[in-house]
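Written out below as structure tokens is the structure these notes cover.
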Amino acid sequence: MSNSRVLSGIQPTSGSFHLGNYLGAVKQWVELQDSHDAFYCVVDLHALTSAPDPKELRKNTLTSVAQLLALGLDPERCTLFVQSHVVEHNQLAWVMECMTGFGEASRMTQFKDKSVKTGTDRIGVGVFTYPMLMAADILLYQANQVPVGEDQRQHIELTRDLAGRFNHQYGKTFIIPEGFILKEGAKIYDLQDPTSKMSKSAESLSGLIEILDTPAANTKKIKSAVTDTGREITFDAQNKPGISNLLTIFSALSGRSVAEIENEFAGKGYGDFKAAVAEVVVEYLTPVREKTLELLDDPTHLGQILSRGAEKAQAVAGKTVRDVYDRIGLIPRG
Ligand code: TYM
């Protein structure tokens, strides 16, 4: 394992992760635990921005942890924890908020999109300060790299700016992190609307492949995925976004190259191709679903993993906050 450190987070905002979460981020998390000192957290504080029902949030947080383990995170090889268990996240977030310009925060596209949808009067301040909490998540651990999907790129840029600003003003304190964003798979699209990203906040669930959904439901969704005009199974993101998205999914889950799959399906129809994609997806996800349900049967075991994770995370985060507080002039408690 190198000394290089990675950190990433995922929100427990729904009963299941979707294929975009897995292919854009978690699949890389699993791989990076062998080569890096890896910290991964379920960001329950971030989830509060969508005002979840408390019972749902509790359940979704545990289900998120179980899914991450079922997808291949190994608490012996990475530090897996829940964000709210490590109070330093809030402590550093406030420092980051005080360093961020109002205009700078207003330019974050996720905030802009949500405020257009909801209206600025009704949108929570937490949606506005969300990226500063995310910057704190990353900087607390002195992470070198942050494995995420394409939609998080702007947040990583802000994090880099804030780290640089702090270092410039108070002396070198933070590592400036880099995004670890794949060329392929960093953006998985909705099956019904292949020009929009697959997202749990989509209006309809019919374009969303959920990790914990039944094989029958996922097969049905893939078979009714929107395809494009023409008949060839070729990758062309511009003119054939639907087929290209399915090719990306097929390739990422089977480990085969897109070219190889195109060759196999040369001369065959969309129907055959979609049936094959469904088969690969179901074969991949069925054991994950089973393992997740099995892990959820033993919440005590999950609690133990999280307790150990929080302890390891806090050892690193505590040191960063002590350094930061000292540099900005907060005096220690006697
Ligand atoms: P979240 O919970 O929305 O998504 C978790 C991860 O999944 C990726 N992702 C996608 N990748 C490809 N295609 C898609 N359709 C797709 N949809 C989601 C996201 O890019 C993300 O990597 N702000 C973050 C959570 C966060 C975080 C952090 C991440 C909080 N603190 C610190 C990294 C480091 C978010 O809302 O992700």
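Identify, please: which residue in region 49-58 is farther than 19 Å from Gly303 by Cα and either more than 14 Å from the ligand (Cβ to nearest atom) or touching a residue at least 40 places away in the same chain (Cβ under 8 Å) (or both) and is, among those, surrounded by the most Cβ atoms within 10 Å (Cβ to Cβ)?
Of the residues in region 49-58, the ones farther than 19 Å from Gly303 by Cα are 49-53.
Subset that is either more than 14 Å from the ligand (Cβ to nearest atom) or touching a residue at least 40 places away in the same chain (Cβ under 8 Å) (or both): 49, 51, 53.
Working: Thr49: 19, Ala51: 9, Asp53: 9.
Ranking the candidates gives Thr49 first.
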Practice task
Kindly list, by first and then second residue, each pair from a residue in region 88-111 that is more than 12 Å from Asp137 (Cβ to Cβ) to a residue that is basic (Lys, Arg), limited to pairs with Cβ atoms under 7 Å and residues at least 6 apart or on different chains.
Solution key: Met99/Arg165
Practice task
Name the one entry in Arg308, Arg333 that is among the basic types (Lys, Arg) and at pLDDT below 95.
Solution key: Arg333
Completion exercise
For region 240-278, the count of residues that are of a type in the set (Lys, Arg) and surrounded by fewer than 19 Cβ atoms within 10 Å (Cβ to Cβ) equals 2
Practice task
Might you check whether a residue that is over 23 Å from Ala310 (Cα atoms) and part of a helix (DSSP H, G or I) occurs anywhere in region 129-144?
Solution key: yes
Practice task
Go through the residues of region 232-240 one by one and say whether even a single one is in contact with a Ser or Thr (Cβ under 7 Å, 6 or more places away or on another chain) and not in a loop (DSSP other than H, G, I, E, B).
Solution key: no
Practice task
Taking the residues in region 146-172 that are touching a Ser or Thr at 6+ places or on another chain (Cβ under 7 Å) and part of a helix (DSSP H, G or I) as candidates, determine which candidate is nearest to the ligand (Cβ to nearest atom).
Solution key: Gln154
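The rows are residues; the columns are (1) surrounded by fewer than 22 Cβ atoms within 10 Å (Cβ to Cβ); (2) under 21 Å from Lys312 (Cβ atoms); (3) of a type in the set (Val, Ile, Thr); (4) within 12 Å of the ligand (Cβ to nearest atom).
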| residue | (1), (2), (3), (4) |
| --- | --- |
| Asn3 | yes, yes, no, no |
| Thr13 | yes, no, yes, yes |
| Leu23 | no, no, no, yes |
| Glu31 | yes, yes, no, no |
| His36 | no, yes, no, no |
| Ala47 | no, no, no, yes |
| Leu62 | yes, yes, no, no |
Completion exercise
Scanning region 173-192 residue by residue, those within 12 Å of the ligand (Cβ to nearest atom), in a loop (DSSP other than H, G, I, E, B), at pLDDT 95 or above and within 19 Å of Ala225 (Cβ to Cβ) turn out to be Ile188, Asp190, Leu191
Completion exercise
Going through region 292-334 in order, the residues found to be closer than 30 Å to Gly171 by Cβ and in contact with a Ser or Thr (Cβ under 7 Å, 6 or more places away or on another chain) are Lys312, Ala313, Asp323, Val324, Arg327
Problem - Single condition Lys117 does not satisfy, out of (1) under 13 Å from Ser8 (Cβ atoms); (2) free of Cβ contacts under 8 Å to residues at least 60 places away in the same chain - result: (1)
Practice task
Could you check, for region 125-141, whether at least one of its residues is more than 9 Å from the ligand (Cβ to nearest atom) and more than 21 Å from the chain's Cα centre (by Cα)?
Solution key: yes
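Applying the selection to region 225-239, what residues are loosely packed, with under 13 Cβ neighbours inside 10 Å and of a type in the set (Ser, Thr, Tyr)? Walk me through how you get there before you give the answer.
Filtering region 225-239 for residues loosely packed, with under 13 Cβ neighbours inside 10 Å gives 229-231, 238-239.
Once the filter is applied, which keeps residues that are loosely packed, with under 13 Cβ neighbours inside 10 Å and of a type in the set (Ser, Thr, Tyr), region 225-239 yields only Thr229.
The values are calculated or read from the model by the stated rules, or taken from the named source; none is laboratory data. From a predicted model like this one, the values you see are computed outputs, not experimental measurements. All Cβ positions, even for glycine, are placed from backbone atoms using ideal geometry, and neighbour counts span all protein chains on display.
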